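Presented below is the structure to which this report refers.
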Amino acid sequence: FIMDKINELNATDGGIKLYKEKGVTRAPSLSSYNEIYFIVSGEVEFNMDNKTQVATFGEVVCIPALKMYGYSSDDAEVWHLVFGERYLADFNDCYQSMILPYFLRDVRFNKKALSILREELLSADATELEKRTALNYFFAKSAVKYGVVKKEYESDSQIADIVNFINSNYDKEITLDY
C-alpha cells in the first residue's frame, strides 16, 4: 500500500487534501469528509448501500460526507481528494439537497473536467480562490453532464465536526462538563 500526500490544506478546517494511492483498501466506515476518487489505472471495488460496484481507469467516484462505504484494490492507482463543506457552498446554493451521482463513468468527459482541477491543486502557488474555482468548475460541468440526485440525508457541518471529533478521540475518555 502506498499513499503519497501530494498537496494539503487542513481538511478539518474545510481545506483540501489530495493523495496519490496505490493498492488501496478501506474497510467499510463512515466518510468524515467529502471525497472524490479519480481512478488513474486499474480498477477499484467500492462497497456502498450493500452493493459492490467496480470503478475503472478514467472513472470518478464521489462520496459525500457522512456516507458509509469501503473499497479495495490490489494494484490500482487512485488520486483521492478530500475536502471540507465550504468547498461545496456554491454547489449547495445552486442544488439544494442534491449531490452528484456516486459514479461518473464517462472517461473522455472526466479527463477534460479533471485536467483543470488537477492543475490548480498541484500548483504550488495556486491561491485558495483558484482552488475553489477549479473545484466549482468540476462540480458545475459534472452536474450538467451527469445530473444531480437527492441527498439521502441533510449533511450538516456541525454533525461532520462531531463525527470527526469522535473518530479522533474514540480511544480517549470523554466527559461532558456542565
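Distances between placed amide hydrogens fall under 5 Å for Phe57 paired with Gly42, all partners being 5 or more residues away or on another chain. Length gained on full extension, Val54 to Val149: 32.2 nm, using 0.36 nm per residue less the C-alpha separation. Ligands, DNA and RNA excluded, the heavy atoms of Val144 present near 120 Å² of accessible surface to a 1.4 Å solvent probe. For the range 23-39, putting each phi into the Karplus relation 6.51 cos²θ - 1.76 cosθ + 1.60 with θ = phi - 60° gives couplings of x, 7, 8, 9, 5, x, 7, 7, 6, 6, 10, 6, 9, 10, 10, 9, 7 Hz, in residue order, rounded to whole numbers and with x for Gly and Pro. With a threshold of 24 Å on the Cα-Cα distance, the over-threshold entries among Lys51/Lys172; Lys20/Lys145; Lys17/Lys172; Lys22/Lys145; Lys20/Lys112; Lys111/Lys131 are Lys51/Lys172; Lys20/Lys145; Lys17/Lys172; Lys22/Lys145. Put a dot 7 Å past the Cα of Leu30, heading toward its Cβ, do the same for Ile116, and the two dots end up 3.5 nm apart. Computed from the Cβ-Cβ distance with R0 of 22 Å, the FRET efficiency linking Asn92 to Ala126 stands at 0.45. Maximal additional length on extending the Asn47-Ala140 stretch stands at 30.9 nm, based on 0.36 nm per residue less the C-alpha distance. At the residue level, Thr52 shows approximately 80 square angstrom of accessible surface with a 1.4 angstrom probe and all protein chains present.
For the range 53-160, a/c is less than 1.5, where a ≥ b ≥ c are the root eigenvalues of the C-alpha gyration tensor. That puts it in the rounded class. In terms of its alpha-carbon gyration tensor, the range 8-107 comes out prolate; a/c meets the 1.5 threshold, and the first ratio a/b outweighs b/c. Surface listing: Asp74, Asp125 arranged by accessible area from highest to lowest gives Asp74, Asp125, probe 1.4 Å. Backbone phi angles across the range 76-83, fed through the Karplus curve with coefficients 6.51, -1.76 and 1.60 (θ = phi - 60°), yield HN-Hα couplings of 5, 9, 9, 9, 10, 9, 10, 8 Hz in residue order; Gly and Pro are listed as x.
The values are calculated or read from the model by the stated rules, or taken from the named source; none is laboratory data. Because the structure is predicted, anything quoted here is derived from the model rather than measured. Please note: Cβ atoms are built from the backbone with ideal geometry, for glycine as well, and neighbour counts cover all protein chains shown. Just the protein is used for accessible areas: all its heavy atoms, side chains included, with ligands, DNA and RNA removed. Shrake-Rupley method; radii C 1.70, N 1.55, O 1.52, S 1.80 Å.
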